[in-house]
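First up is the structure itself, then whatever we jot down about it.
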Amino acid sequence: MKTLCFTLGLLLLTVCCCNAGPEAVRHSTAPQTCCHEFYEKRLPIKRVTNITKTDKTCLKKAFIVQTVIGKQICYRQTFVWALDVYNQLH
């Protein structure tokens, strides 16, 4: 009887854990894109296609600049050029 109860309890626990797994993955709180190194030179504005801010969960606040060739470049949010470009495009 103890073995049966233990087996059923283990089965129930396994089913609960398997159902919770995909839900936890879908609602991940990990940052999408964060910057760790920063570029410190200006780009010609015509080479910039988009500029976004990093996620709020990133330790270092930054702008991510997308160039016409698809490259992503990080700038500190205190870098005046990046702030000006962000304000122009948004």
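Any read-out appearing in this document is the output of simple, stated calculations on the displayed coordinates, not a laboratory observation. The structure presented is a predicted model; accordingly, all values stated were derived computationally and were not measured. Reconstructed Cβ throughout: ideal geometry from the backbone, glycine too, with neighbour counts over all protein chains shown.
Please list, or write none, the lysines whose alpha carbon is within less than 28 Å of the alpha carbon of LYS41, excluding same-chain residues fewer than 8 places away.
Result set, ordered by chain and number: LYS53, LYS56, LYS60, LYS61, LYS71.
Any idea how far apart THR52 and VAL80 come out in nm if each label point goes 7 Å out from Cα toward Cβ?
About 2.8 nm separates the two model spin labels.
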